[in-house]
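Structure first, commentary second.
The values are calculated or read from the model by the stated rules, or taken from the named source; none is laboratory data. All values derive from a computational prediction rather than experimental measurement. Ideal geometry is used to build each Cβ from the backbone, glycine not excepted, and the neighbour counts take in all protein chains shown. Note: accessible area is taken over every heavy atom of the protein model, side chains too, but ligands, DNA and RNA are not part of it. Shrake-Rupley method; radii C 1.70, N 1.55, O 1.52, S 1.80 Å.
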Amino acid sequence: MSGPGASGTRAAGDADVAFGAPASPTGAAVAAPAAPGAVSGTVRGGSAPSERPQVSSVPRTGGPSAAAASVEARTTRGPATGTAPHTGALSDALPAAQLAVGVRTPAPAAPSSSSPAAAPSAAPSPAASAASSTAMVPPQTPITMIGTPAWVPVGASPSPASSGRGKGISPGGLYENTINTMSASAATAVFADMRSTGATWVRLDYNYAGNTTRHGGATTQTITAARSAGLDVLVILGDGTAPMPESAGYKAAGGWMTSSVTQLAALGVHTFEIGNEVNLGANWGGTADPAAYTALLETVYPMIHAADPKATVLMAGMAPYGKESPTRSAQGSNYHPFDFIDQMYVDGARGSFDALNLHPYVYPAMPATSDGGYNVLSVLPDLLAIMSSNGDSAKKIWITEAGMPTGTDGGYPAYTVAQQQQTITQLFQVAAKYPQLGPVFLYDWQDGGIDGDFGLYTSAHVKKPSYATFAGISY
């Protein structure tokens, strides 16, 4: 999502000095929360609180970040604020029998071959132990449907986890800051809880802060805790000092990028995302520029692979924006994600990333619904055609953010938890039908009270029924 924490919008104050506690907007250290899981109300670097505000033009880091312009682009089905929840019949969505996603017992899966062994019988945090586990509430709109739209690749077999599948959590900058203030054991307990849902990935920020010895975003302790809990870590390599296309220091040869990737590889991190929602002009301070982003990838991609031969480099997650343009051009200062990617190929980006990346926030619609083209999942064959025409059919498409807000804080429209459950279920149903889809990350983990409440936990660290929904999905 776009919102606070998005690449190119982090302030210099984002930096963690000597990998210590996060800085407040005034630069003072943020006090640790009273108990593990409690949300700190401070957002690092003075960024706007919501990770993906749909009614704010202020971009964010690592969370839903559709800007105000995105709302304007979707006025044919109503503005984001005040939009009635999607309760219409889903007769055009995918049949449950054809889309059934495996049901799993919420227990830790074996770590991937690239992950360290999971921590032995890690006990949940005190807050997690005390939290009540609520049974799944049936969605308001039944998921059992009839009819199959033409865009669904009926009969396609989902790839096994060993072929690049996997569930992940993108906790967002707000809760990531909270984890940074925890003790090592408390942070490990949070990540062990994520792992117990069957998640094998977590997505964290890692930002340039002006020199090669400092960084913002996740601390070394936080990353180590995630790895010790058996999670693979995807880091967003962003710039806390400048908007896109990033500062000279961020991409200097032999500088921060090289040293950061080397350090992260030593921690067992080998997957990197370059920027966040770069198809939105808000992350550029003007109009989004696919040529300039391609040039950035052409600069940093060889640096990353030289520093870590095992690296996988993802393009930035592309935010939803309107419908595809017939001319693949900008719409105001923003691009539809497929239009931006198409222009990247035109500009020669093919050899400078290892996987594509989408943020398919589709509310008020549901992921399995065809809504005239706003839902990027419903027109995914268009992206596959772009990839094929450029000789890139073998690459995976990752989804590093998706979800639904359940609170109006942060300027978001609010939907019910039952609708959030339905969104989660359909997201993985649709993804399972496309062998080209790689890992899918849910945004986010715990509500912050100021960020739209996309979490599986409330801000009081009580599990929502959607926690069980996510844990019950095998992908």
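With all distinct Cα pairs included, what does the Kirkwood hydrodynamic radius of segment 330-475 come out to in Å, to one decimal, could you say?
16.3
When only the heavy atoms of the protein chains count and the probe is 1.4 Å, how do His461, His270 rank by accessible area, highest first?
Working: His461 10, His270 40 Å².
Final ranking, largest accessible area leading: His270, His461.
At a probe radius of 1.4 Å, what is the per-residue accessible area of Lys251, in Å² to the nearest 10?
60
Cross-link list Lys323/Lys464; Lys323/Lys396; Lys396/Lys464; Lys167/Lys463; Lys310/Lys463: which exceed 26 angstrom alpha carbon to alpha carbon?
Those over the limit are Lys323/Lys464; Lys396/Lys464; Lys310/Lys463.
Given the Cα-Cα distance of Thr220 and Ala253 and 0.36 nm per residue of separation, how much length would full extension add, in nm?
Residue separation times 0.36 nm, minus the Cα-Cα distance, leaves 9.6 nm.
What per residue convex hull volume, in Å³, do the alpha-carbon atoms of segment 221-272 yield? Don't skip to the answer; put the middle values down first.
Numbers: hull volume 4.2 nm³, N = 52.
Cα-based convex hull of segment 221-272, divided per residue, equals 81 Å³.
Ignoring ligands, DNA and RNA, what percent of the accessible area of segment 273-410 is carbon or sulfur (1.4 Å)?
Ligands and nucleic acids excluded, carbon and sulfur reach 51 percent.
When N is the residue count of segment 405-475, what does its C-alpha Rg come to as a fraction of 2.2 N^0.38 Å? Let's see the in-between values first.
On the way: Rg = 12.6 Å, N = 71, 2.2 N^0.38 = 11.1 Å.
Computed over Cα atoms of segment 405-475, the ratio equals 1.14.
Largest first, how would Val261, Val462 line up by accessible area (1.4 Å probe)?
Val462, Val261
Can you pull the one-decimal nm distance between simple spin-label points at Glu298 and Asn390, each 7 Å off the Cα toward Cβ?
1.3
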